[in-house]
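Asker: Before anything else, here's the structure in question.
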Amino acid sequence: MKRDDLKLPKTYKTVLMLALVFGPFFWLAFTEDGQRRTDLALMFVFGKPEFNAALDTFGSDLTEAKLRETFHKLELQCADGRNPFGDRICGAEIGAFNQIPASSLTLFFERDGLRATKVQYRRAYHEMVRGWVKERVAAREPSPLAARFAEQAEGVMVTPVEDGVLVLREGELGKDEEPALMWLSQAAINTRR
(Lines give C-alpha, C1' and ligand atoms only; values in the text may rest on other atoms or scores of the structure.)
Protein backbone atom coordinates (compact mmCIF):
# COMPACT_ATOMS: atom_id res chain seq x y z
CA MET A 1 0.00 0.00 0.00
CA LYS A 2 1.42 3.31 -1.05
CA ARG A 3 1.65 6.21 1.32
CA ASP A 4 -0.17 8.48 -1.19
CA ASP A 5 -3.33 6.28 -1.15
CA LEU A 6 -4.37 7.65 2.27
CA LYS A 7 -4.24 11.32 1.28
CA LEU A 8 -7.48 13.14 0.57
CA PRO A 9 -7.66 14.88 -2.78
CA LYS A 10 -7.17 18.64 -2.57
CA THR A 11 -10.57 19.31 -4.24
CA TYR A 12 -12.34 17.15 -1.65
CA LYS A 13 -10.66 19.02 1.21
CA THR A 14 -11.60 22.39 -0.34
CA VAL A 15 -15.26 21.40 -0.79
CA LEU A 16 -15.38 20.00 2.75
CA MET A 17 -13.92 23.21 4.22
CA LEU A 18 -16.34 25.38 2.24
CA ALA A 19 -19.27 23.25 3.46
CA LEU A 20 -18.08 23.56 7.07
CA VAL A 21 -17.79 27.34 6.77
CA PHE A 22 -20.84 28.18 4.67
CA GLY A 23 -23.21 25.38 5.76
CA PRO A 24 -24.07 26.87 9.17
CA PHE A 25 -24.34 30.36 7.65
CA PHE A 26 -26.73 29.07 4.99
CA TRP A 27 -28.84 27.31 7.65
CA LEU A 28 -28.99 30.41 9.88
CA ALA A 29 -29.73 32.83 7.05
CA PHE A 30 -31.97 30.88 4.68
CA THR A 31 -33.99 28.32 6.63
CA GLU A 32 -37.03 29.14 8.76
CA ASP A 33 -35.66 27.34 11.83
CA GLY A 34 -32.26 28.98 11.42
CA GLN A 35 -33.79 32.45 11.11
CA ARG A 36 -35.96 31.87 14.19
CA ARG A 37 -32.93 30.77 16.21
CA THR A 38 -30.94 33.76 14.93
CA ASP A 39 -33.76 36.12 15.95
CA LEU A 40 -33.94 34.51 19.40
CA ALA A 41 -30.17 34.80 19.86
CA LEU A 42 -30.23 38.47 18.85
CA MET A 43 -33.07 39.20 21.30
CA PHE A 44 -31.00 37.55 24.05
CA VAL A 45 -27.94 39.62 23.08
CA PHE A 46 -30.04 42.81 23.17
CA GLY A 47 -31.31 41.86 26.64
CA LYS A 48 -34.96 41.32 25.70
CA PRO A 49 -36.61 38.93 28.18
CA GLU A 50 -38.60 35.85 27.27
CA PHE A 51 -42.28 35.51 28.09
CA ASN A 52 -42.78 31.76 28.33
CA ALA A 53 -46.39 31.61 29.38
CA ALA A 54 -49.20 29.13 28.90
CA LEU A 55 -51.83 31.68 27.90
CA ASP A 56 -54.38 28.89 27.64
CA THR A 57 -54.21 28.46 31.44
CA PHE A 58 -54.50 32.16 32.33
CA GLY A 59 -57.47 33.17 34.46
CA SER A 60 -59.18 36.23 35.87
CA ASP A 61 -57.75 35.38 39.28
CA LEU A 62 -54.20 36.28 38.15
CA THR A 63 -53.03 39.54 39.70
CA GLU A 64 -50.38 42.03 38.70
CA ALA A 65 -48.31 41.04 41.75
CA LYS A 66 -48.43 37.33 40.83
CA LEU A 67 -47.45 38.07 37.23
CA ARG A 68 -44.56 40.28 38.37
CA GLU A 69 -43.40 37.51 40.70
CA THR A 70 -43.67 34.81 38.02
CA PHE A 71 -42.14 36.87 35.20
CA HIS A 72 -39.70 38.93 37.26
CA LYS A 73 -37.43 39.72 34.28
CA LEU A 74 -40.17 41.69 32.53
CA GLU A 75 -39.87 45.44 32.92
CA LEU A 76 -43.57 46.19 33.15
CA GLN A 77 -44.59 49.83 32.72
CA CYS A 78 -48.10 50.42 34.07
CA ALA A 79 -50.69 53.17 34.01
CA ASP A 80 -54.10 53.59 35.61
CA GLY A 81 -57.05 54.62 33.50
CA ARG A 82 -59.90 53.17 31.47
CA ASN A 83 -58.94 50.87 28.64
CA PRO A 84 -60.91 48.43 26.46
CA PHE A 85 -60.71 45.71 29.13
CA GLY A 86 -60.42 47.40 32.50
CA ASP A 87 -58.92 50.18 34.55
CA ARG A 88 -55.16 49.45 34.48
CA ILE A 89 -52.80 48.57 31.64
CA CYS A 90 -49.22 47.28 31.78
CA GLY A 91 -46.79 46.73 28.94
CA ALA A 92 -43.28 45.44 28.39
CA GLU A 93 -40.88 44.77 25.56
CA ILE A 94 -40.10 41.09 25.10
CA GLY A 95 -37.78 39.12 22.86
CA ALA A 96 -39.66 35.84 22.68
CA PHE A 97 -42.98 34.24 23.45
CA ASN A 98 -42.57 30.49 24.04
CA GLN A 99 -39.48 30.33 21.79
CA ILE A 100 -41.16 32.39 19.06
CA PRO A 101 -39.63 35.83 18.38
CA ALA A 102 -41.94 38.54 19.72
CA SER A 103 -41.80 42.26 20.43
CA SER A 104 -44.24 43.30 23.15
CA LEU A 105 -46.66 42.22 25.84
CA THR A 106 -49.70 44.15 27.07
CA LEU A 107 -51.69 43.17 30.17
CA PHE A 108 -55.14 44.56 30.92
CA PHE A 109 -56.42 44.58 34.52
CA GLU A 110 -59.73 45.34 36.19
CA ARG A 111 -59.44 45.89 39.95
CA ASP A 112 -56.14 43.93 39.99
CA GLY A 113 -57.61 40.91 38.19
CA LEU A 114 -56.19 40.10 34.76
CA ARG A 115 -58.83 40.48 32.04
CA ALA A 116 -56.87 40.27 28.79
CA THR A 117 -53.36 39.73 27.46
CA LYS A 118 -51.94 40.73 24.10
CA VAL A 119 -48.68 39.34 22.73
CA GLN A 120 -47.35 41.06 19.64
CA TYR A 121 -45.03 38.75 17.71
CA ARG A 122 -42.89 39.11 14.61
CA ARG A 123 -44.94 39.00 11.39
CA ALA A 124 -42.81 36.21 9.89
CA TYR A 125 -43.90 33.84 12.68
CA HIS A 126 -47.68 34.11 12.29
CA GLU A 127 -48.06 30.51 11.11
CA MET A 128 -45.88 29.31 13.98
CA VAL A 129 -48.09 31.10 16.53
CA ARG A 130 -51.22 29.61 14.92
CA GLY A 131 -49.58 26.19 15.16
CA TRP A 132 -48.75 26.79 18.83
CA VAL A 133 -52.39 27.66 19.58
CA LYS A 134 -53.73 24.64 17.70
CA GLU A 135 -51.26 22.31 19.43
CA ARG A 136 -52.00 23.68 22.91
CA VAL A 137 -55.75 23.31 22.67
CA ALA A 138 -56.15 20.44 20.20
CA ALA A 139 -58.13 18.18 22.54
CA ARG A 140 -60.65 20.79 23.68
CA GLU A 141 -64.26 20.85 22.55
CA PRO A 142 -65.34 24.21 21.13
CA SER A 143 -67.47 26.03 23.67
CA PRO A 144 -70.70 27.86 22.81
CA LEU A 145 -68.87 31.05 23.84
CA ALA A 146 -66.14 30.49 21.24
CA ALA A 147 -68.70 29.62 18.59
CA ARG A 148 -70.64 32.87 19.22
CA PHE A 149 -67.42 34.86 19.27
CA ALA A 150 -66.25 33.26 16.00
CA GLU A 151 -69.54 34.06 14.27
CA GLN A 152 -69.09 37.75 15.06
CA ALA A 153 -65.53 38.01 13.78
CA GLU A 154 -64.92 36.84 10.24
CA GLY A 155 -61.36 35.74 9.48
CA VAL A 156 -60.46 35.39 13.15
CA MET A 157 -59.42 32.17 14.86
CA VAL A 158 -61.21 31.94 18.22
CA THR A 159 -60.11 29.07 20.46
CA PRO A 160 -61.74 28.27 23.82
CA VAL A 161 -59.45 27.86 26.84
CA GLU A 162 -59.99 27.32 30.58
CA ASP A 163 -61.12 30.88 31.26
CA GLY A 164 -62.07 32.61 28.02
CA VAL A 165 -60.64 32.42 24.51
CA LEU A 166 -57.44 32.85 22.51
CA VAL A 167 -57.90 35.10 19.48
CA LEU A 168 -55.70 35.69 16.45
CA ARG A 169 -56.01 36.25 12.72
CA GLU A 170 -56.98 33.17 10.73
CA GLY A 171 -54.93 32.79 7.57
CA GLU A 172 -52.39 35.20 6.21
CA LEU A 173 -51.95 38.64 7.74
CA GLY A 174 -52.74 41.68 5.63
CA LYS A 175 -50.22 44.51 5.40
CA ASP A 176 -52.24 46.67 7.80
CA GLU A 177 -53.00 43.86 10.29
CA GLU A 178 -51.08 43.60 13.52
CA PRO A 179 -49.45 40.24 14.26
CA ALA A 180 -50.89 39.64 17.73
CA LEU A 181 -52.28 36.86 19.89
CA MET A 182 -54.86 37.83 22.50
CA TRP A 183 -56.21 36.01 25.50
CA LEU A 184 -59.60 37.33 26.62
CA SER A 185 -60.97 36.17 29.94
CA GLN A 186 -64.58 35.14 30.38
CA ALA A 187 -65.03 38.23 32.56
CA ALA A 188 -63.73 40.50 29.76
CA ILE A 189 -66.08 38.88 27.25
CA ASN A 190 -69.06 39.20 29.59
CA THR A 191 -68.49 42.94 30.12
CA ARG A 192 -68.18 43.59 26.34
CA ARG A 193 -71.59 42.10 25.47
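Asker: At 7 Å along the Cα-to-beta-carbon direction for both Cys78 and Met128, put a label point, then send me their distance in nm to one decimal.
Answerer: 3.1
Asker: Keeping the other protein chains in place, figure out the carbon and sulfur percent of the accessible area of region 50-191, with a 1.4 Å probe.
Answerer: Carbon and sulfur together cover 49 percent of it.
Asker: Can you list the residues, at least 5 places off or on another chain, whose amide H is less than 5 Å from the amide H of Val161, using H built in the peptide plane?
Answerer: Leu166
Asker: Let me ask you something else. Any idea of the accessible area per residue across region 50-191, 1.4 Å probe, to the nearest Å²?
Answerer: 51
Asker: So how far apart, in nm, are the two label points at Lys66 and Arg111 if each is 7 Å from Cα heading toward Cβ?
Answerer: 1.6
The values are calculated or read from the model by the stated rules, or taken from the named source; none is laboratory data. Bear in mind the structure is a predicted one, so any value in this text is a computation, not a measurement. Counting neighbours? That spans all protein chains shown, and the Cβs are built from the backbone with ideal geometry, glycine included. Each accessible area value is taken on the protein alone, full model and side chains, heavy atoms only, with ligands, DNA and RNA left out. Shrake-Rupley method; radii C 1.70, N 1.55, O 1.52, S 1.80 Å.
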